[in-house]
Every structure is written in C-alpha cells, then in structure tokens.
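A short worksheet on the structure shown next.
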Amino acid sequence: MSSQDDSSSKPTTNGEIIIGIDLGTTNSLVAICDERGPRVLPDAAGRAILPSVVRFTDDGPPVVGGEARRLAVMFPKETIYSVKRLMGRGLDDVAEDIPHLPFDIVGGENDTARIRVGERIYTPQEVSAMILRELKVQAEAALGTPIRKAVVTVPAYFDDAQRQATRDAGRLAGLEVVRIVNEPTAAALAYGIGQGKGAKAETIAVYDLGGGTFDISILQVTPGGEAGEDSFFQVLSTAGDTHLGGDDVDRMIMELVFEEIRKEFGEKLTFPPCTQQALRNFAEAAKIRLSNEESAQLQIDLGDGRVYDRMLTRDELEEMMEPWVQRTMVACDRAMRDAKLDAGKIDRVVMVGGSTRIPLVRKSVGERFQCEPYTALDPDLVVALGAGVQASILAGTNRDMLLLDVIPLSLGIETMGGAVAKLIVRNTTVPTRATEKFSTSVDGQTNVKINVLQGERELVADCRSLGEFELRNIPTMPAGIPQIEVEFLVDANGILNVSAVEKRSGKVASIQIVPRYGLTREEIDTMEQESYTYARQDMHAHRIIDLAVNSCLDIKWIRDAMERVGEGLDAEYGEKLESKIARLQEFVDRSHREPAKIDADEFYQAKEDLDQESVRLHEQAITRSLKEEPAG
Ligand code: AMP
C-alpha cells in the first residue's frame, strides 16, 4: 500500500492560528504549536483528553466527553461511542462492529451507516462534528480567540470516503479542515522528524499500541530542504489488528485472578457484571503499576473472612504478555515485508498509544527494529502534538522552533549540593554524544536520582529541569565506590537520550527528552545573557559547593580511619587532627548559611591542611588493616 497525506488545500493564514486535532476512536485532543513547541490545550478543568463519546438528550443539547462516557451504561441507546469506526463506511463494511455497539445503526443513502437515536437519524459525520465542535470551543477558550481552521488526523489506512467524511465533520463543526494528516505522520512530526536544516531522508516505523487496537506503519520521510518546503511523508505499508491492545493484558490478569480464587477457595464463584468491571479496573491498575515497579500486590476481599492476596511480579506478567507482544511483532514483520524492507533499514521507531509504556513492549520493539524507540513524548498525546506541528507549519508560525540544528542551551545533570555538571555545551551541532562518571555520596546508597538540566548557569536553582529518573537497586557499597556512567546522546532530530549504568552491577536506567520544547527564543537569549551577568558569582558558588561536598567526604574518611586506628592514635596527633577537622567543618557549615561570604581560597586551604595532616593517619590505618587481614 502506498498513500500520502492529502495536501489539496494550502491555506493562506495571515498569522491566523490553526489548531491540530487528533480525532480518536476512544479519545480526542486538540493541540497547537507555538515558539515553545507543541502542546495540547486543556478544557477549563485542566483535562486535555476528551472522550469521543456523545449522548443525545430529549430536552437539551448533546452531552460530549467525560460525562457522556461516565453515564454510558445508563443510556446505552443514546450514548454514541467509537463513531470513528462508522465514518464514511457502508453498512456492510461495519457488519462486524455492529454487534459490539449497543446503539442502533441503520442504513442511509447509498447504504451508508447511520445512527438512530429515538426518532432521529444522525450521520457519523454529524456525531463527529459534535466532538470537533467541543474541541474547537475548548481551544477558543484556552487561546482566547476564535478558531476557524484545523488540521485533523486519520489512520493511515483510511480511504478517500473516510477522509472526506472527516472533512465534512469539520465543516459541520464550523472548521475548515486545511489538511488531513495520517496519524503516523503526525507522530513523526511531533518528534521533528524530517524537519530542520540537517534533516536526512529516513525510513521510520510508527508502532501504535492502544487499549483495543494495534497499528504499525512504515513511512518514507523526505525532508523539506532549505527553502522551507514541507517535508514529505509517504506511507510504504501498514499492518495491525483492530482487536489487539492493552485490554487483552487486563483480561489475562483477570483470568489469572479468577482461576487462583477458584483454586484456593475451591468453589465455582460467579461474578456479577459490576464486580467484573471493578475487577477489570483493578487488573488494569496492577498492570500500570508493573510498568514502573517490580511487583504489585493483588488483594481482594471476597467476604466471609476470605481474602485473595498475592504478589504479582513484573517477571510473571512479562511471561504472560510474551505471546501477546509477539502478535504485534508478526504484524511488524508483515509491514516490513510489504514495504520490502528488513529491520536494519528502519532508522527510527516512534511509539504511540498508552500500552507502549510497558517496558517489555519497548524492549521488544527496540530489539526487533534494532534501535532505541522514541518515547520522549507522552504516547497518548503524540498524535495531537504532531497535528499541532503540522498546523503551525501551514500557518507559518513556528519555523524558528523547528529549524534548530544546534543545541540551544547546555545540557547536564545535578550533582551533590545543587551544582550542575554540564555534559554538552550550547551550540554543539547535533548529533552528539558525551559521557561522564559519577559516584554515590552516602554509604550503602542503592538508588540514585538523575536530574537532567538545561541552562547556562552553575546551580540547579538557576537551570531548567527537563526530567528526572532513578537508577535503582545498586548493590550496597560504601560512598564513592559505585561507578555510575551517565551518557547523553542527542540524535539528528534533537532527541536527547540520557542513560545511566552502574558499571560494577550492570544496573541501567534511562530517559528520553525533547530538549528544544518548552522555551521561546527570547527565553533562551535571556538565559544566555544571565550566564554572563552572573558568571563570577556562579563560579564562586559552584566552587564552594564542590569544596563542601569533598570536605564532607574527607572528614568522613578521616573519622573512619581514626576509628580503625583507635587506641594506636597518638594523643597529640589526634588533637591536631580534631582541630583541623573543626576548622574545615566550620567552613562546611558556613557554606550552607552564607556561601557568598566565604573566601574560597581560605576554604580550599583548610581542606588542604587537613588532607596533608591526615596522610600519616591513613598510613597507620592501612598498616592496621593489613595486620588484621589474613595473609594473602
Ligand atoms: P490508548 O488507547 O492509547 O489511550 O491506550 C490505552 C491503553 O494503554 C489502556 O489499555 C491502558 O491500560 C494502557 N496504559 C496506559 N498507561 C499504561 C502504563 N503505564 N502501563 C501499561 N499500560 C498502560
């Protein structure tokens, strides 16, 4: 299959805002992209995700979104969901879906699928228009300006009739749909693929695993070039399964629980529908927890003093999920075959859909396509964000944001005491890579938090945190012994991958970030300017922090050594050490209270004095240890 995005109408905008809409089967979102990058627009209550559900009422306007979804069981005939499955389709096309939808579907003109609610017949376009209108109003409220134009996304496999129906829905909602964009194309755009001066032709896969459906698309990206023409995304192939998704995993957990309850309590327990629904939510919560934790407790009070209680580990869940993940891999292989490509030819994979948060899914996709998949953006928002990017390209409002081929602000991590260690300095051209070694500062520290920072200043408080992650389960070791290597990797699209590995134990953790999003050009310039203004002050502060951190470690080691030598320590020498420790400790204490007032050279000298004085102590301590150790 080969299709490309419809570019029939090229808007002239005069700076008019165009919104991007992800009109989804289950949920819909609206986004824009400005200088700061793409962002979704929430409603007045702060909710960005609008359930694609409409309930018709007898005496008022239709209810759209969360409330309609919440009361769906009470109004099964009036509540319309999954209308996207009906868009532009004939009654025959949707025969398989009809038994799963509780509302009435009837044949209309040319046998097209229509929806009957009471006496009235609605086209799927009309119902979709209600969702689009809600999003339009949401965007207008968020932006404080009327909106007339939108980019709307559709699945890559949508045919002309389905695309036309989507356009018509927009028109009914009072929106001119200036472009229909394929969902995988939007996901790629959200990551800036195909944008920027240095962009190269790429082949990418978009792996979209949601709650109930799975889609894989292979795209050929041709970048737009210097003159600012649009980049070109051609769909080489698509594959998938309309009945494969995270819901299956929830069911697997439920079945496990049912079976074990029956085994343990030896009865034929039956569960009424409302209990089943509660159990489904419970299973989903356990699944989601296991994406972050190694284990989750499953506890259900069955009444009469009977409690089902067990620990489910991530390993167990992964074993259960393996065949399910493999089914997505079979579809990936099919898509690659159809595109006449093998995995090595895929440059990147973009992850879309809530189920791509599952670590096993990420790992399997990475292995199959032999590259680290893109996960930096929220997989539930990425299509909408890309629609926002496409909208801003058409409106001509954000060229600057996209055309960066250098790192605009330095990137680093937080070190002890609130200082910043920069790994990549500003204006480095992408792609680039840097590594640095760190260690722990506390004995027996098993978890290390890594805070990724952006900015030119020396202290964490003056930089922007881009995200943080934890390297967990490091074996217990004394402070300073673990060897933690942090790697920053920025690829050609400007996506930053930060990974940390503890070399002795092999423990790893990582995070992905899009560092160029979130700041305007002006803010970047201000941050740069401030780094010059405060250069002297910052350098002093950084030096004091480093001295304080190192002094604390020195004092700790010296105290340990004094304890080891114990009685063998000559009293006069002990006193000398104590007085030098006290002097250095005073600097350390002052460094917390009034760092700016400390003379860094004096502080340094106090540390040097103690270090010199302690040489003899360390020799004694080593001699003592050697005597105590068994020979050899
Ligand atoms: P979507 O259809 O893209 O909204 O995806 C919804 C699916 O993603 C549901 O099955 C959710 O249970 C699943 N999901 C969301 N967050 C997580 C998570 N952190 N770990 C595992 N599954 C998740």
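Scan Val177, Val181 and give me the residue that is within 24 Å of the chain's Cα centre (by Cα) and either away from the ligand (no atom under 16 Å from the Cβ) or in a loop (DSSP other than H, G, I, E, B) (or both).
It is Val181.
Looking only at the stretch 295-317, count every residue that is within 14 Å of the ligand (Cβ to nearest atom) and either assigned to a helix (DSSP H, G or I) or open to solvent by 70 Å² or more (accessible area, probe 1.4 Å) (or both) and tell me the total.
Residues that pass the stated criteria total 2.
Quick check on this structure: which one of Gly211, Gly240 is within 16 Å of the ligand (Cβ to nearest atom) and either basic (Lys, Arg) or touching a strand residue (DSSP E or B) at 6+ places or on another chain (Cβ under 6 Å) (or both)?
Just a single option satisfies the conditions, and that option is Gly240.
Can you name the number of the only condition in (1) of a type in the set (S, T, N, Q); (2) away from the ligand (no atom under 16 Å from the Cβ); (3) open to solvent by 30 Å² or more (accessible area, probe 1.4 Å) that Ser231 fails?
(3)
Give the residue that is nearest to the chain's Cα centre (by Cα), with candidates limited to residues of the stretch 282-293 that are within 10 Å of the ligand (Cβ to nearest atom) and open to solvent by 60 Å² or more (accessible area, probe 1.4 Å).
Per the criteria, the residue is Asn292.
Which of the residues spanning the stretch 341-369 are of a type in the set (Lys, Arg) and either free of Cβ contacts under 8 Å to residues at least 24 places away in the same chain or surrounded by 15 or more Cβ atoms within 10 Å (Cβ to Cβ) (or both)?
Arg348, Arg357, Arg362, Lys363, Arg368
Consider Ala331 against the criteria (1) surrounded by 15 or more Cβ atoms within 10 Å (Cβ to Cβ); (2) within 16 Å of the ligand (Cβ to nearest atom); (3) farther than 24 Å from Asn473 by Cβ: it satisfies all of them except one. Which criterion is unmet?
Every listed condition holds for Ala331 apart from (2).
What about Ala492, is it surrounded by 18 or more Cβ atoms within 10 Å (Cβ to Cβ) and in contact (Cβ under 8 Å) with a residue 60 or more places away in the chain?
yes
Quick one: Ile131 ticks every box in (1) away from the ligand (no atom under 16 Å from the Cβ); (2) surrounded by 19 or more Cβ atoms within 10 Å (Cβ to Cβ); (3) of a type in the set (Val, Ile, Thr); (4) at pLDDT 95 or above bar one, so which box is it?
Result: Ile131 fails condition (1) only.
Of the numbered conditions (1) under 27 Å from Leu29 (Cβ atoms); (2) within 15 Å of the ligand (Cβ to nearest atom), Lys363 fails exactly one; give the number of that condition.
(1)
Being outside any helix (DSSP H, G or I) and touching a residue at least 24 places away in the same chain (Cβ under 8 Å) is the filter here; which residues of the stretch 596-611 pass it?
Correct list: Ile598 only.
Output the residues belonging to the stretch 417-440 that are of a type in the set (A, V, I, L, M) and crowded, with 18+ Cβ neighbours inside 10 Å.
Selection gives Ala419, Val420, Leu423, Ile424, Val430.
Is it the case that the stretch 28-43 has a residue that's assigned by TED's automatic domain parsing to the domain that holds Lys149, under 18 Å from the mean Cα position of the chain (by Cα) and within 12 Å of the ligand (Cβ to nearest atom)?
yes
Of the numbered conditions (1) open to solvent by 40 Å² or more (accessible area, probe 1.4 Å); (2) without any contact (Cβ under 8 Å) to a residue 40 or more places away in the chain; (3) farther than 30 Å from Val389 by Cβ, Pro62 fails exactly one; give the number of that condition.
If we test Pro62 against (1) open to solvent by 40 Å² or more (accessible area, probe 1.4 Å); (2) without any contact (Cβ under 8 Å) to a residue 40 or more places away in the chain; (3) farther than 30 Å from Val389 by Cβ, just (2) comes out false.
Would you confirm whether any residue within the stretch 87-104 is surrounded by 15 or more Cβ atoms within 10 Å (Cβ to Cβ), of a type in the set (A, V, I, L, M) and in a helix (DSSP H, G or I)?
no
Of everything in the stretch 189-208, what is in contact with a helix residue (DSSP H, G or I) (Cβ under 7 Å, 6 or more places away or on another chain), away from the ligand (no atom under 16 Å from the Cβ) and open to solvent by less than 10 Å² (accessible area, probe 1.4 Å)? Give them in sequence order.
Residues satisfying the conditions are Leu189, Gly192, Gly194, Ile204, Ala205.
Among Gly388, Gly396, Gly444, which is more than 16 Å from the ligand (Cβ to nearest atom), under 25 Å from Val154 (Cα atoms) and open to solvent by 10 Å² or more (accessible area, probe 1.4 Å)?
After applying the criteria, what remains is Gly396.
The values are calculated or read from the model by the stated rules, or taken from the named source; none is laboratory data. Given the structure is predicted, the values throughout are model-derived calculations rather than measurements. Cβ sites come from the backbone with ideal geometry, for glycine too, and all protein chains shown count toward neighbours. The area values use the complete protein model at the heavy-atom level, side chains included, leaving out ligands, DNA and RNA. Shrake-Rupley method; radii C 1.70, N 1.55, O 1.52, S 1.80 Å.
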